[in-house]
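Take a look at the structure set out below.
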Amino acid sequence: LEVHLVTTTNVTGDLAVIGVMYKYGETNPLLEKLWPAEAEDFAFRIKGEEYAEDQAHLHEKGATADIPTDIDVMKDLFPADGNWDYWAYKGSLTTPPCSEGVYWHLMKEPVTATVDQVINFQNVLSETSDGIRTNNRAPQPLNGREIVSFHSDE
């Protein structure tokens, strides 16, 4: 699982992305805020399967839902240990139109999520021909891109 925060730069207005990777481990507090473990319906909203009529709007393109809590991105999304090391490079969007000229900042330290939390995300995706539920773009060649490593203690 990977989360992308998409924004624009203050100076040029170009697109910028902060990417945070997840690994299996402890319950992720942010994901728990978004989809509490006791929210029985979320894990069963599998794309292509039956769902309650009052949940039909959740399957429409562009659907939105209110999140019943405040989220502090700096506290809730990034590694709790304060490790802000990251790689930076100029790349492209990972979804159509896959535009170039995007400033990427990929955090080196992954945060944790339980298997069930990851499955909740996978369940809303369509299956590929191989039976895999994913929405990631295949890794792209470097094409001469320079990747710079930044350390938070520098």
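The values are calculated or read from the model by the stated rules, or taken from the named source; none is laboratory data. Treat the numbers as computed from the prediction; the structure is a model and nothing was measured. Glycine gets a Cβ as well: all are built from the backbone with ideal geometry, and neighbour counts include every protein chain shown. Just so you know, the surface numbers come from the protein's heavy atoms only, side chains and all, with ligands and any DNA or RNA stripped out. Shrake-Rupley method; radii C 1.70, N 1.55, O 1.52, S 1.80 Å.
Computed from backbone phi, the HN-Hα couplings of the range 76-84 come to 8, 9, 7, x, 5, 7, x, 6, 9 Hz, rounded to whole numbers (Karplus: 6.51 cos²θ - 1.76 cosθ + 1.60, θ = phi - 60°; Gly and Pro given as x).
Go through TYR103, PRO79, GLY131 and say which Cα lies farthest out towards the positive end of the charge dipole of the range 69-154; charges sit on Cβ, +1 for Lys and Arg, -1 for Asp and Glu. Final value for the positive-end residue is GLY131.
Solvent exposure of PHE78, expressed as accessible area, is near 10 Å², computed with a probe of 1.4 Å over the protein chains only. Here the 3J(HN,Hα) profile of the range 5-14, calculated from phi with Karplus coefficients 6.51, -1.76 and 1.60 at θ = phi - 60°, is 9, 9, 8, 10, 6, 5, 7, 9, x, 5 Hz, Gly and Pro shown as x. All distinct Cα pairs of the range 73-124 go into the 1/r average, and the inverse of that average, the Kirkwood radius, is 13.4 Å. Sorting the segments 101-111, 10-20, 139-149 by their mean number of nearby beta carbons within 10 angstrom, highest to lowest, gives 101-111, 10-20, 139-149.
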